[in-house]
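Step one of this worksheet: look at the structure below.
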Amino acid sequence: MRWDAIIIGGGHNGLVCAWYLARAGKRVLVLERRGIVGGAAVTEEFAPGFRNSTASYTLGLLDPAVSADMDLRGHGLRVVSRPFSNFLPTEDGRHLLMGGGQSAAAVARWSEKDAAALPDYERRLGDVARVLRLLADRVPPSGDAGGIVRAVEQGWRLLGLSPQAKRDAIDLFTRSAREVLNGFFESDPLKAVFGFDAIVGHYASPDTPGSAYVLLHHVFGEVNGEPGAWGHAIGGMGAVTQAMARACERAGVTIRTDAPVARVLADSGRIEGVELADGERIGAKVVAANCHPKTLLLDLLDPGLLDPGLRARIGQHANGSGTFRMNVALSSLPRFTALPEPGDHLKSGIILAPSLDYMDRAFGDARAHGWSRRPIVEMLIPSLVDESLAPPSAHVASLFAQHFDPNLADWEQHRTAAADAVIDTVEAFAPGFRASIVGQLALSPADLASRFGLVGGDIFHGRMSLDQLWAARPVFGLGAHRMPVKGLWLCGSGAHPGGGVSGRPGRNCARAMLGRV
């Protein structure tokens, strides 16, 4: 049997791409190398009786149009919004609690000036984000006639920005997060709350030029109709991809697990199908890859099919998000010195990085020593809203940490010490935390690479910088999802508009494949 399309990788973008193709009447096969679909958006048991999202750990970027088209709610997905967006304790025992309709009052306790500036910051960031959100839903231009039309149409949207918004867009793409935030605010905790978004999955200092862009990337989405909000998928992030898998199967998609692709097959410059690790060959008219672009073009494709210059450029593709990911099983809730009693602040994203200076030191420490001794940590405690994840009276916590050198040799040797640094950081803000841990999972950048195929442990499939965005993602010339061999496509986070559980790369790729760009 020759399939209309094969999708390499059953992560969320692969499933989204498969669903849109199947809805258009195509016969689609998804091949996933692991025993479970979902890619990095999976829920797994990590200690007896304790389950949690293993890599991706919070929901906010999922395109509502993708969710509605696939009827993910009808396929069992339920999302609970955070009552507060973020809780940031400071080292002197105070705190900043954002969201819940109380941000202005909370910020005013630190700075009346910042409270007055907050609406202007949110409005101006929102003005730029609205246009970029529209571009995120479009296939970038390519070098053909259709690409020229798309370039004009998409460029026109940017020209339609107000003069202030154009200046802000330039600043966000080129300046550091600190420069942009200093232009609005004076208090360290507020700048840290916003600045945290600029270093999530970004192995850089908040002083690095271009780091301001990721401030935008993390306000693209929405939860339950609230723009820029974050939430928890009941059942963990695996509930998202399980709902997608059910939608795919209902649309007629065939999904095979434990089916690692070893090679993409081509003949006379055209894709013919794939070969699995066990030698099985499967034919297809087209192949779309949800894996990392380096994996596709340098590992799965015959080297002779790529122009040497393009192959060299792909080899220089920048990766490595500097991320260390942990799950911990807890016998009791953490008691933060700043706010020790249980409350809705524990249902937010808890940021343990009280200033931009702290974040800069964390990056410098990682550059010098391999990992930060006082890392940047975000903690979520999803069991507070999802009893399915832990035994009664117990809890699970997700710990997402930066900065950890993705190029450090022998992470196997250093994993335990790095994990201890993460736990020590939480302990400094919540004494007794270490004693409450009854089980844990620690994933270094190398572990993220080996388990999920994230080259360099990069959670975004490539750095989110100006040279690797829009028509230049993954590299200039391949930005329209079409790869350099006829019938080969890229549908994962290494394509426009980039990382995060959004579904946009998968949906946009399917549109390009179907000629609906």
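Read-outs: derived from the displayed coordinates by stated rules, not from any lab. Keep in mind the model is a prediction, meaning the values are calculated, not measured. Positions of Cβ are backbone-derived with ideal geometry, glycine not excepted, and every protein chain shown enters the neighbour counts.
Quick look at the values:
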read-out	value
Rg/Rg_ref, the range 306-394, where Rg_ref = 2.2 N^0.38 Å and atoms are Cα	1.59
Förster-model FRET efficiency, 56 Å R0, Val385 and Arg270, C-beta, rounded to 0.05	0.65
Acute angle (nearest 10 degrees) that the helix 112-136 long axis makes with the longest principal axis of the chain, alpha-carbon atoms	10
Charge dipole of the chain about the Cα centre (unit charges at C-beta), most positive-ward option of Ala262, Thr174, Val426	Ala262
Amide H within-cut-off set for His403, under 5 Å, with H built and near neighbours excluded	Ser372, Ile376
Three-way shape call for the range 215-312 based on the alpha-carbon gyration tensor, with the a/c threshold at 1.5	oblate
Cysteines in the chain lacking a second Cys C-beta under 4.7 Å	Cys248, Cys291
Over the chain: Kirkwood hydrodynamic radius from C-alpha pairwise inverse distances, Å	23.2
For Val30, distant residues with modelled amide H under 5 Å away	Ile7, Thr254, Ile255, Arg256
Projected label distance in nm at Gln413 and Arg78, using a 7 Å step from Cα toward the beta-carbon	4.9
Stretchable slack from Glu179 to Glu280, in nm (0.36 nm times residue separation minus alpha-carbon distance)	30.9 nm
Residue order, fewest to most beta carbons within 10 Å, for Cys17, Cys248	Cys248, Cys17
Calculated FRET value between Ala472 and Lys166, using beta carbons and R₀ = 25 Å, to 0.05	0.80
C-alpha center-to-center spacing [the range 274-339, the range 54-103] in angstrom	25
Simple label model, 7 Å out from Cα along Cβ direction - Ala105 to Ala435, nm	3.5
Angle in degrees between helix 188-199 and the longest Cα principal axis of the chain, rounded to the nearest 10	20
Per-pair calculated FRET efficiency, R0 = 22 Å: Asp71 and Asp4 via Cβ, rounded to 0.05	0.45
Amide H contacts under 5 Å for Ala24, placed H, 5+ residues apart	none
Calculated log₁₀ intensity ratio I(q)/I(0) where the Debye formula runs over C-alpha points of the range 442-489, q = 0.19, 0.20 Å⁻¹	-0.70, -0.74
Burial ordering of Ile199, Ile459, Ile8, Ile234, fewest other beta-carbon atoms within 10 Å first	Ile234, Ile459, Ile199, Ile8
Simple Cβ-charge dipole of the range 333-438, Lys/Arg +1 and Asp/Glu -1, about Cα centre, in debye nearest 20	140
Between 0 and 90°, nearest 10: helix 504-513 axis offset from the chain longest Cα axis	10
Exposure proxy ranking, count of Cβ atoms within 10 Å, fewest first, for Ser348, Ser388	Ser388, Ser348
